[in-house]
Amino acid sequence: VVELSFTPAALVACGKAGEQPCDYAFGGSGAYKGLAMPPDSFAEWEGLVASVAEHLVGRYGLDAVSEWHFEVWNELWGVPFPEPYMRLYNASARGLKSVSPRLRVGGPATMALEEVEPFVAACRASSTPVDFVSSHLYPTSPICDTNATARDP
């Protein structure tokens with residue numbers, strides 16, 4: 001899985017006088033400066049995704065990269081569903097598919113199947129490509145604590 005997130009600082013005007021505050025993933029701890037906010041220009045995001053895909057195909061070959069799963073974002077941090085997430089997803093899908101229709105794109109990469117059904121419905125309604133649907137669970141989450149998974153301390 002290749003996760004297409006977070007937004008690079010060059011694609012968001014934030015943090016300077018007169019601009020919105022920057023929303024850094026993980027509070028900007030350490031040297032990590034990924035932004036949990038949508039890009040100012042989805043066309044620029046699409047270009048970035050296409051450039052990354054072109055680089056990966058050039059380095060590893062289309063046969064290898066077409067087996068990978070490009071997941072758009074993670075847990076909708078700072079990019080709520082349906083908007084602006086669907087704009088981000090559409091731009092990502094266009095960027096990948098412009099390199100090759102064989103590249104796989106999916107989402108919404110949420111926890112506990114959140115927004116999965118409306119995501120699929122939105123993709124179908126707009127004829128947006130979706131090659132896979134992704135979601136995940138954390139084993140320590142209370143929703144995973146069922147009779148089948150409960151442990152006796």
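The values are calculated or read from the model by the stated rules, or taken from the named source; none is laboratory data. As the structure is a computational prediction, the values presented were derived from the model and not from experiment. Quick reminder, even Gly has a Cβ in these numbers, built from the backbone with ideal geometry, and neighbours come from all protein chains shown. These area figures cover heavy atoms from the full protein model, side chains too; ligands, DNA and RNA do not enter into them. Shrake-Rupley method; radii C 1.70, N 1.55, O 1.52, S 1.80 Å.
For Val52, the solvent-accessible surface with a 1.4 Å probe is about 60 Å², rounded to the nearest 10. Accessible-area rank, largest first, for Glu75, Glu54: Glu54, Glu75, with all protein chains present and a 1.4 angstrom probe.
On the chain, 55 percent of the accessible area sits on carbon and sulfur atoms, based on a 1.4 Å probe.
Helical runs (DSSP H, four residues minimum) scored at -39500 (n - 2.57) apiece and divided by the length of the chain put the mean residue ellipticity at 222 nm at -10000 deg cm²/dmol.
Between Glu19 and Asp63, the FRET efficiency estimated from the beta carbon spacing at R0 = 41 angstrom works out to 0.40. Magnitude of the charge dipole for the chain, about its Cα centre and with charges confined to Cβ atoms of Lys, Arg (+1) and Asp, Glu (-1), is about 340 debye. Solvent exposure of the chain, expressed per residue, is 56 Å² of accessible area, with all protein chains present and a 1.4 angstrom probe. Toward the positive end of the charge dipole of the stretch 5-67, with +1 on the Cβ of Lys and Arg and -1 on the Cβ of Asp and Glu, the farthest Cα among Ala50, Leu62, Leu35 is that of Leu35. Heavy-atom accessible surface of Asp63, to the nearest 10 Å², is about 110 Å², with a 1.4 Å probe and all protein chains retained.
Working from Cα pairs under 8 Å separated by at least six residues, relative contact order for the chain is 21 percent. Here the extension length gained between Ala112 and Ser141 equals 9.5 nm, from 0.36 nm per residue of separation less the Cα-Cα distance.
Can you tell me how the chain classifies by the Cα gyration tensor, rounded, prolate or oblate, using a/c under 1.5 as the rounded cut? Since a/c reaches 1.5 but b/c is at least a/b, the shape of the chain is classed as oblate. Between His55 and Glu83, the simple spin-label model (points 7 angstrom out along Cα→Cβ) gives 3.2 nm. The solvent-accessible area of Ser127, taken with every protein chain present and a 1.4 Å probe, is close to 100 Å².
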